[in-house]
Amino acid sequence: MKTSLRKTLIYLSSDYADYARSVVEAVHAVADAAGYGLVCVAGRDLETAGDSRTERAVCNGIYRLIKRVGVAGIICDAGMLGHQAGAGAVIRFLEDCRLPCVSLGLDVPGMPSVVADDIPGMTGLMEHLLGEPDRRRFAFVRGVPQDMYSLERERIFRQSLVSHGRRVDEALFVAGNYDADEAYAAVARLLDAHRDIDAIVAANDTMALSAARAAVAAGLAIPGDLVVTGFDDVPDATRLSPALTTVRQPMVRMAELGIARLLEMISDPAASGGPFAGAPSPPSLVSSELVVRGSSAGMPTRLDQLVALDAAGLLARLRDGMEGLRAPVEVDLGDVASCLARAIADGSVALARSLRSKARGVNACNAHWWSNLCHQIETLAALLPTALIASRYPLILAALVPVRERIWAVGMEREFEARRLERLRSRLQLRIGSSSGLTEILAAIDVWLQTYRPRRFFIVQYDRPGPEPDTTGRLICASVDGRRLDGPVLPLCTAVILPDAHRAELETGLLVMSPIYAGTDHFGYLLIDPRLLDLSQLDSVAHSIGNALRSRFLFRELERQATRLQQANDELSALANRDGLTGLPNRLSFEGRLRDACENGAPFAVCFLDLDGFKPVNDRLGHDVGDELLCLVAARLERVVAFTMGEAGFLARLGGDEFTLLLLAEEPGPAVHRLAAAVLGAFSEPFPLGAGAIRISASIGGAIFPEHGADTSALLRQADSAMYAAKAAGKNGFVLCD
């Protein structure tokens, strides 16, 4: 059954992160002006053959639900959905769709498509890098295997090296898999083996930023020792120092072309047969463009040789540099250029006044645009004629200070908010994980809503959980303008997304739709208005709600089946025995394991580990950094214990910066010395935090059962005393109880 939602458009996207958000907002602006509401459905990228039971494939089920909905049209972000599976997967997915549909980011044969052309930008990047004849050793950081974007960028990289007579060295190709941590580790290993690398080119900015940090950690200067470049121009590209040279894809322009094409199809009755009904047409290509910044040195040419110093010339230069970025509606770039021209001509402070007043409008949504504008203005100022630069350059830089301070503040606010929301999500997960009834689940969600305060929020629970979205469900939570709407649980056909009473919400504004799932089953979906919110944790929140709904479903079933009741109890018990910050077993879990070991009677060892110097780090850098450091310590300890002791070792966090180790070895004496040495050795390496690193050590005390204590209390006292003896002896050491 299809029910008409003729004033609603659907945007299919793998997620709603920074990249997707800017595109969706551009689509929404045009859709809203045309009188349509927009629902962004985020269900991850399309699965490939053979992985139909993975978590990613389970999330994809939300797309199949959407194909049952009678909306006006669909924009498919095929570049994200099918970047690994390819156009064939998108065709198979949409071949039975009977709605007007446009593809973004990927040329899908038979479907109107708007595609970014990587070739101009990537070719320009390589020409820029290869223009320096002494630059000979080029490394490339790849994305995930078989990703078509990474493969295309690598092809141009190789081709450019060959055409300029440079050697293609296979040893200088590493896999970063589009992951910050993996890219950092891969580049760190690469630089350790090849210190003579002149340039690192990454297939995206995330990996490029990690590569830059790995280079700095290795003692290399950027761009003095080597240059680093990326692709995509993400917001963090201008936060690196020096700013990252990259290739900008004009995603906003693509989005505007895509939605315009969709609206044309909607108005044309001939397009109602679906995405493959019309005559094939070539894709609309939008060229990528090179953005040169400090990480690849820059351009020394003086400004008077490039462009006139009047407002018109400066405006043209600013527009070229800001191409592909959407300006805030309240900012007139022409006014900025005019003030800049006056500052250059006669030292006017109009630019400072203008930017100071506009700095108040910098927010998380437009900070990337402002950061690029500051970079463009500073670049222009640095290229002023020699006669002007001494007097005008400091003046222009001073005018940028209020904007840059506001950009920095927005970034700090966003990081703080992200950490706050992560803690909130963790608390939600802990609270909701122990909820068995719908009332308890909704009470836990209410706490989250009161803090997050979305403008609109809805949760639909399926009547029958399963691997596919159900055709029927119930609206169990509705919040509008920050206020929970109490009322009866409303049944609905999921082909209309929301019940009649709330249907108008789909035909105005923007909503993001995320599947609620757990394991390999769907339990419903949520819709949230993303305005002024950071939705980077949306999938985790939905997953937490899915876990809660699964628990409720299990409890209801387990009232009749004792075995399923035991399974649910085991899941809840596991949650109660884990530390919420590090994921390690907690004090309760450790004490239970210790009691069991004492009752068994076989010799074993127990250790207390306390971090040296943690409190100053916590006091100086804040609790958020302290929490991050504790997580890094826990992860490193887990690796050391697993490698050294295997299943004979048991690691737990008691609280604060205290950890405990239980060694169930046949010869606990030698084993505890071996493990302590391995742990102390692991702490010799610094812990990377942000762009820097922190060094701390540990003091360890050990005791052996039954030699040093015949019960848990005596054993723990002895180990604790030994740990303090290690601290008294100068810290960063191990003492075994006498």
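The values are calculated or read from the model by the stated rules, or taken from the named source; none is laboratory data. Computed from a predicted structure; not experimentally measured. Glycine also receives a Cβ, built like all others from the backbone with ideal geometry; neighbour counts cover every protein chain displayed.
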Looking only at the range 491-515, count every residue that is assigned to a strand (DSSP E or B), touching a residue at least 40 places away in the same chain (Cβ under 8 Å) and more than 15 Å from Ile66 (Cβ to Cβ) and tell me the total.
1
Filter the range 133-143 for residues that are surrounded by fewer than 17 Cβ atoms within 10 Å (Cβ to Cβ) and in contact with a helix residue (DSSP H, G or I) (Cβ under 9 Å, 6 or more places away or on another chain) and give the result.
Arg137
Run down Ala199, Ala186 and say which single residue is touching a Leu at 6+ places or on another chain (Cβ under 8 Å) and either assigned by TED's automatic domain parsing to the domain that holds Gly219 or more than 12 Å from Ala215 (Cβ to Cβ) (or both).
Ala199
Would a scan of the range 375-395 turn up a residue that is out of contact with any Leu (no Cβ under 9 Å at 6 or more places or on another chain), modelled with pLDDT of 80 or more, of a type in the set (Phe, Trp, Tyr) and part of a helix (DSSP H, G or I)?
no
Name every residue in the range 170-187 that is closer than 19 Å to Leu125 by Cβ, part of a loop (DSSP other than H, G, I, E, B) and of a type outside the set (Phe, Trp, Tyr), in order of residue number.
Gly176
Is it fair to say Leu575 is over 31 Å from the mean Cα position of the chain (by Cα), surrounded by fewer than 17 Cβ atoms within 10 Å (Cβ to Cβ) and over 19 Å from Gly702 (Cα atoms)?
no
Looking only at the range 680-722, count how many residues are within 30 Å of the chain's Cα centre (by Cα), closer than 16 Å to Gly613 by Cβ and aliphatic (A, V, I, L, M).
5
Give just the number: which of (1) acidic (Asp, Glu); (2) free of Cβ contacts under 8 Å to residues at least 40 places away in the same chain; (3) in contact with a strand residue (DSSP E or B) (Cβ under 7 Å, 6 or more places away or on another chain) does Glu154 not satisfy?
(2)
Can you name the residue in the range 254-282 that is at pLDDT below 85 and either within 24 Å of Ala203 (Cβ to Cβ) or in contact with a Ser or Thr (Cβ under 9 Å, 6 or more places away or on another chain) (or both) and is also surrounded by the fewest Cβ atoms within 10 Å (Cβ to Cβ) among such residues?
Pro282
If I filter the range 129-147 for residues that are assigned to a helix (DSSP H, G or I) and closer than 30 Å to Ala212 by Cα, do I get at least one hit?
yes
Quick one: Arg6 ticks every box in (1) surrounded by fewer than 20 Cβ atoms within 10 Å (Cβ to Cβ); (2) closer than 25 Å to Glu507 by Cβ; (3) at pLDDT 85 or above except a single one, so which number is it?
(3)
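Count, please, the residues in the range 61-79 that happen to be within 16 Å of Pro515 (Cβ to Cβ) and hydrophobic (A, V, I, L, M, F, W, C).
4
Give, as residue ranges, the helices (runs of 4 or more DSSP H) completely inside the range 565-673 that count at least 1 residues that are in contact with a Lys or Arg (Cβ under 9 Å, 6 or more places away or on another chain) and either farther than 30 Å from Glu417 by Cβ or of a type in the set (A, V, I, L, M, F, W, C) (or both).
The helices (runs of 4 or more DSSP H) meeting that bar are 587-600, 623-645.
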Only residues that are of a type in the set (Gly, Ala, Ser) and part of a loop (DSSP other than H, G, I, E, B): list them for the range 149-169, please.
Gly165
Give the residue, chosen from Ser371, Ser357, Ser296, that is small (Gly, Ala, Ser), surrounded by 14 or more Cβ atoms within 10 Å (Cβ to Cβ) and modelled with pLDDT of 85 or more.
Ser296
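For every residue, the table says whether it meets (1) touching a His at 6+ places or on another chain (Cβ under 9 Å); (2) assigned by TED's automatic domain parsing to the domain that holds Arg21.
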site	(1), (2)
Arg431	no, no
Ile441	no, yes
Ile459	no, yes
Ile476	no, yes
Val480	yes, yes
Asp486	no, yes
Val496	no, yes
Of the conditions (1) assigned by TED's automatic domain parsing to the domain that holds Ala548; (2) surrounded by fewer than 17 Cβ atoms within 10 Å (Cβ to Cβ); (3) modelled with pLDDT of 80 or more, Pro454 fails just one. Which one is it?
(2)
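Looking at Ala202, Ala214, Ala183, can you tell me which residue is closer than 22 Å to His128 by Cα and crowded, with 22+ Cβ neighbours inside 10 Å?
Working: Ala214 fails: closer than 22 Å to His128 by Cα; Ala183 fails: closer than 22 Å to His128 by Cα.
Going through Ala202, Ala214, Ala183 in turn, the sole match is Ala202.
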Single match in Ala193, Ala203 (criterion: hydrophobic (A, V, I, L, M, F, W, C) and free of Cβ contacts under 8 Å to residues at least 24 places away in the same chain)
Ala193
Counting only residues that are surrounded by fewer than 19 Cβ atoms within 10 Å (Cβ to Cβ), touching a Ser or Thr at 6+ places or on another chain (Cβ under 9 Å) and more than 16 Å from Leu716 (Cβ to Cβ), how many does the range 580-611 have?
2
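I'd like to verify a number: residues in the range 477-488 that are in contact (Cβ under 8 Å) with a residue 24 or more places away in the chain and surrounded by fewer than 18 Cβ atoms within 10 Å (Cβ to Cβ), how many?
Of the residues in that region, 4 qualify.
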